[in-house]
Amino acid sequence: MVDKRETNWEFQISQYLDGLLDGPALARLQARLEEDPQLRETLRQYQLMQEQLDALGREDLAIDFDAQRAEIMAEVRRRRTRGSWRARAVRPVLIALSVAAVVVVAWGVLTIARWTLPGQAGRVESVALRPAALQQGQAVASVVGPLVDNIKGVVSVQARRMQASPSNPAKSSPAGLVVVSVGATGQAEECETKESQALPPNDTDTYWF
Amino acid sequence: MENKADMVQEPTDGQLVFRVRGGQAAAFDELVRRYQRQAAAVAYRLLNNRDDTMEVSQEAFLRAYDKLDTLDKPERFGPWLMRILSNLALNRRRSRSLRKMASLDAPLRGADGDGRADWTDPPDANMPTPLAQAAGADMRELLARAIDELPEMQKQALVMFSLQKMPQKQVAEILDCSVEAVKWHVFTARKKLKDKLADL
């Protein structure tokens, strides 16, 4: 198949002007030029134009290249200094932020672990009944632990197994397994209660099991 | 016998790039020295404006400096720089045509001041005839204006290859096209210039 460019004589002239034509292609163009005066005129026009293009390429731009280079290098040095200053200024901040991030993440991981692992949120040290002041099923619990810092007071106490006290069935105080809710996750500490005992009237002291 | 100084080989572009990356700013000075004339010549032909040429060629070097770490093949610094330059020149031309900035070098530019010759303008009675123009230095001015009117790819290919004598392979690398495409762009540009000048 013949390449369309091979028969595009103007394209061949362009190639010829650029010194890119040789062998059979050059011979074909020369033969064509010999028999076609119009193509010779076209070649002459292209040659004339290429001379002008060459002259344009050589044209002195009247630019002070030394001054331009000095200006570029001054800016390069300015950017280098600015860059290194930024690096110096930013580095301690980045280090501080990294340390803070590590601390926050570590704290978060510990917190999650403490709130999710059984018995880690807090430990019920004691549960006391206050039959005079509290509703049935409520108790005063003293909870200590790393996250619940020695809370003492009325806490939500759920009696999973409410048992009537054999010694005082009328009071029906919680006995058996009492669940004390600690924290937002509802993580619980279980505390085995003992059989309740009769309390003196209006006794506000905690009653320890 | 060769002078000892002559035997000392100049560092390659790649070596200079590595030195700049290593913190030797002076090595960049050498890269600027090597390419600033070519950069200015290409920018001038693409922009046809001396002030823009200075700004764009300077910006091209500074961009190259800032992005030097991203240059995959340090030995190809030249073509890479020319690509940055031609992109900047193209952007400058676009913004210029949008803003219709007033011309700072009126003799080389069209009456509308956007750097484009208006070929539909009636001929000025004081202007030399096309024949006279073609015979003298005005031919180059006409050519410069005609080049300015060419589509971007044709213009860049013509300027880099036919005016600045850059190798076709390098032009292809800069324009991100094949060598055959460069040949065709150059030819098409030449043909348009010839036809345009013939119409005058």
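Here is the tail figure for region B:11-106: Cα pairs spaced more than 21 Å apart come to 34 percent of all pairs.
Listed peptides B:21-33, A:59-71, B:159-171 appear in the order B:159-171, B:21-33, A:59-71 once ranked by packing, highest mean of other Cβ atoms within 10 Å at the front.
For region A:2-77, the C-alpha radius of gyration sits at 1.78 times the compact-globule guess of 2.2 N^0.38 Å, with N the residue count. Local charge for B:N87 was computed over the other residues whose Cβ lies under 13 Å away, with Lys and Arg +1 and Asp and Glu -1, and equals +3.
Any read-out appearing in this document is the output of simple, stated calculations on the displayed coordinates, not a laboratory observation. Not measured: the values here are computed from a predicted model. Cβ atoms come from the backbone with ideal geometry, glycine included; neighbour counts cover every protein chain shown.
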